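Scroll down for the structure; my scribbles are underneath it.
The values are calculated or read from the model by the stated rules, or taken from the named source; none is laboratory data. All figures in this text were calculated on a predicted structure; none of them were measured in a lab. Positions of Cβ are backbone-derived with ideal geometry, glycine not excepted, and every protein chain shown enters the neighbour counts. Surface areas here come from the heavy atoms of the whole protein model, side chains and all, with no ligands, DNA or RNA. Shrake-Rupley method; radii C 1.70, N 1.55, O 1.52, S 1.80 Å.
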Amino acid sequence: MKLPRPYTVSEIANLLKCRYEGNKDQLITGFNEIHRVEPGDIVFVDHPKYFERALTSAATVILINKSVEIPPGKSLLISEDPFRDFNRLSSFFNPTIYNTTPISEKEVIGEGTVIEPFVTIGERVVIGKNCVLHSGVRILNDTTIGDHVVIQANTVIGSHAFYYKKRPDGYDRLLSSGGVLIGNNVEIGACCTIDRGVTSLTIIGQGTKIDNQVQVGHDTVIGKNCLFASQVGIAGCVNIGDEVILWGQVGIASGLNIGSKAVVLGQSGVTKDLEGNKTYFGSPAEDARKKYKELASIRVLPEIIEKLEM
């Protein structure tokens, strides 16, 4: 998330009531979680397992729970609880606003767009021209929708991310201060759920078509002209190229990269990056031809064992 103006390290330290190490006048222009971090950002880390990744990331400032050697050009914010203080940044710069009316007075809706009864539209929402929003659709805060977009009944766009930290007495949610960006000519089926970014954008690329009951996790970026069948589940921070096809009930784990023109056959589970221009099947998903040969081999294995025992 970009800040309304650049802040110095010392200003953010005062805001969070924590100490800093490094250049107090170093400028901060935003904050992001680790998958979407950019130069000028604050990123948080609270486990030694991930220290190196955060310290060597593009982030300018690391919100961390202990003093460590400061990488060149970076500064530290030392916090007893970086997760909590990252949430404090979200609450300060983009506090959650709950809708008190079905359609916000601040929304922008393009010419020719049709909004059926019982649609809810939140704050800071922009909807393009000639769109159709069917009954029961919920467009939540910080969502931008292009032109000629169709969203079918009871779909929710912009819900909070499924991102928690385990505490001794339960779970704390990481607040979502990002948004959703939907390109032109996208179609989204009924009862889909597309989460907003934690600090960046969840993006659905131009021309992509999504079937009913599909889940898209926070900060996932989907390319142009993709095709997703019913009950696909995509976790957070996944990067999907152009013209990717995911058939029914495909599941994709978080933080993965799917190359352009990849095809993943139904009920496959994707647990690692996939190259483009190939077809995959199985759980874990592998090259479909290889997987079919493996399955054929397994089917004849009892006969082979029986012959060996004779």
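Residue 98 fulfils the conditions (1) assigned to a loop (DSSP other than H, G, I, E, B); (2) in contact (Cβ under 8 Å) with a residue 40 or more places away in the chain except for a single criterion, (2). Restricting the stretch 278-293 to residues that are open to solvent by 70 Å² or more (accessible area, probe 1.4 Å) and of a type in the set (D, E, K, R), the residue that is nearest to the chain's Cα centre (by Cα) is 278. So is residue 245 under 14 Å from the mean Cα position of the chain (by Cα), without any contact (Cβ under 8 Å) to a residue 40 or more places away in the chain and over 20 Å from residue 154 (Cα atoms) or not? No: the conditions fail for residue 245.
Looking across the stretch 212-236, the residues that are in contact (Cβ under 8 Å) with a residue 24 or more places away in the chain, out of contact with any Lys or Arg (no Cβ under 6 Å at 6 or more places or on another chain) and not hydroxyl-bearing (Ser, Thr, Tyr) come down to 212, 213, 214, 216, 217, 218, 223, 224, 229, 236. Only one entry in 262, 253 is of a type in the set (Gly, Ala, Ser), more than 21 Å from residue 123 (Cα to Cα), open to solvent by less than 20 Å² (accessible area, probe 1.4 Å) and free of Cβ contacts under 8 Å to residues at least 40 places away in the same chain, namely 262. Among the residues of the stretch 118-131, not a single one is part of a helix (DSSP H, G or I) and under 22 Å from the mean Cα position of the chain (by Cα). Say whether the condition of being at pLDDT 95 or above and either surrounded by fewer than 17 Cβ atoms within 10 Å (Cβ to Cβ) or in a helix (DSSP H, G or I) (or both) is met by at least one residue in the stretch 101-110. Scanning the stretch 101-110 turns up at least one residue that is at pLDDT 95 or above and either surrounded by fewer than 17 Cβ atoms within 10 Å (Cβ to Cβ) or in a helix (DSSP H, G or I) (or both). In this structure, is residue 40 open to solvent by 40 Å² or more (accessible area, probe 1.4 Å), more than 24 Å from residue 140 (Cα to Cα) and small (Gly, Ala, Ser)? Answer is no for this residue. Against the numbered list (1) within 20 Å of the chain's Cα centre (by Cα); (2) over 25 Å from residue 177 (Cα atoms), residue 263 comes up short only at (1). Put simply, of 238, 214, 300 the only residue that is of a type in the set (A, V, I, L, M, F, W, C) and more than 25 Å from residue 192 (Cα to Cα) is 300.
Restricting to the stretch 162-196, what's the tally of residues that are touching a helix residue (DSSP H, G or I) at 6+ places or on another chain (Cβ under 7 Å) and within 27 Å of residue 148 (Cα to Cα)? Within the stretch 162-196, residues that are touching a helix residue (DSSP H, G or I) at 6+ places or on another chain (Cβ under 7 Å) and within 27 Å of residue 148 (Cα to Cα) number 1.
A count restricted to the stretch 27-37 and to residues that are modelled with pLDDT of 95 or more and open to solvent by 30 Å² or more (accessible area, probe 1.4 Å) stands at 2. The set of residues from the stretch 53-92 being hydroxyl-bearing (Ser, Thr, Tyr), surrounded by 15 or more Cβ atoms within 10 Å (Cβ to Cβ) and assigned to a helix (DSSP H, G or I) comprises just one member, 90. Among strands (runs of 3 or more DSSP E) entirely within the stretch 151-217, having at least 1 residues that are crowded, with 22+ Cβ neighbours inside 10 Å singles out 156-159, 179-182, 193-195, 201-204. From the list 298, 245, the lone residue that is out of contact with any helix residue (DSSP H, G or I) (no Cβ under 8 Å at 6 or more places or on another chain) and at pLDDT below 95 is 298.
Do you know which of the residues in the stretch 111-127 that are farther than 19 Å from residue 189 by Cβ and out of contact with any strand residue (DSSP E or B) (no Cβ under 6 Å at 6 or more places or on another chain) is least open to solvent (accessible area, probe 1.4 Å)? Taking the candidates together, the pick is 122.
Rundown of residues vs (1) at negative phi; (2) assigned to a loop (DSSP other than H, G, I, E, B); (3) among the aliphatic types (A, V, I, L, M), yes/no style:
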{"site": "231", "(1), (2), (3)": "no, yes, no"}
{"site": "248", "(1), (2), (3)": "yes, yes, no"}
{"site": "254", "(1), (2), (3)": "yes, yes, no"}
{"site": "261", "(1), (2), (3)": "no, yes, no"}
{"site": "277", "(1), (2), (3)": "no, yes, no"}
{"site": "280", "(1), (2), (3)": "yes, no, no"}
{"site": "290", "(1), (2), (3)": "yes, no, no"}
{"site": "296", "(1), (2), (3)": "yes, no, yes"}
{"site": "299", "(1), (2), (3)": "yes, no, no"}
